[in-house]
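Throughout, read-outs are computed from the coordinates displayed, never taken from laboratory work. It should be emphasised that the depicted structure is a prediction, and the values quoted were computed from it without experimental measurement.
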Amino acid sequence: MKGCLSYEIVRLMGTGLSPQAACDQAVYPFVEKLKKRYGKAGEFSLVALNNQGEWGVATNVEFTFAAGNQDAAPQIFMANPGPSQTTVIEPISAEWLEAYAKRIKAPVE
């Protein structure tokens with residue numbers, strides 16, 4: 001399924017949409033369709049990049065990722081589903097990164 005969504009995102013970018021708009025337009029209606037048909041949708045997170053270094057993300061769960069380009073140093077972001085079939089993307093906080101580092105270094109119980 002993700003292959004089909006990836007194709008749709010690339011197709012939408014080919015019509016002139018930005019990577020972010022293409023991701024949102026492809027992912028959220030598909031998630032809604034799955035919910036109507038099956039009562040639920042699995043976790044979806046897709047990332048797109050165009051040849052100008054612009055990127056976009058759409059997800060139906062909390063999703064962390066890193067991105068950068070020729071104009072911006074790599075940075076870690078948190079993406080979440082937003083209002084009206086959009087994605088809210090924010091840089092992660094120092095507190096989040098510290099908690100993550102502790103969590104992955106903690107002994108397995």
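The table for this structure:
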read-out: For segment 87-102 and segment 1-30, distance of Cα centres in Å; value: 26 Å
read-out: Additional length obtainable on full extension of the chain from A106 to D71, 0.36 nm per residue less Cα span; value: 9.0 nm
read-out: Non-local Lys pairs in segment 2-105, i.e. 8 or more apart or on different chains, that have alpha carbons under 19 Å apart; value: 4
read-out: Per principal axis, descending, Cα span of the chain in whole Å; value: 44, 40, 25
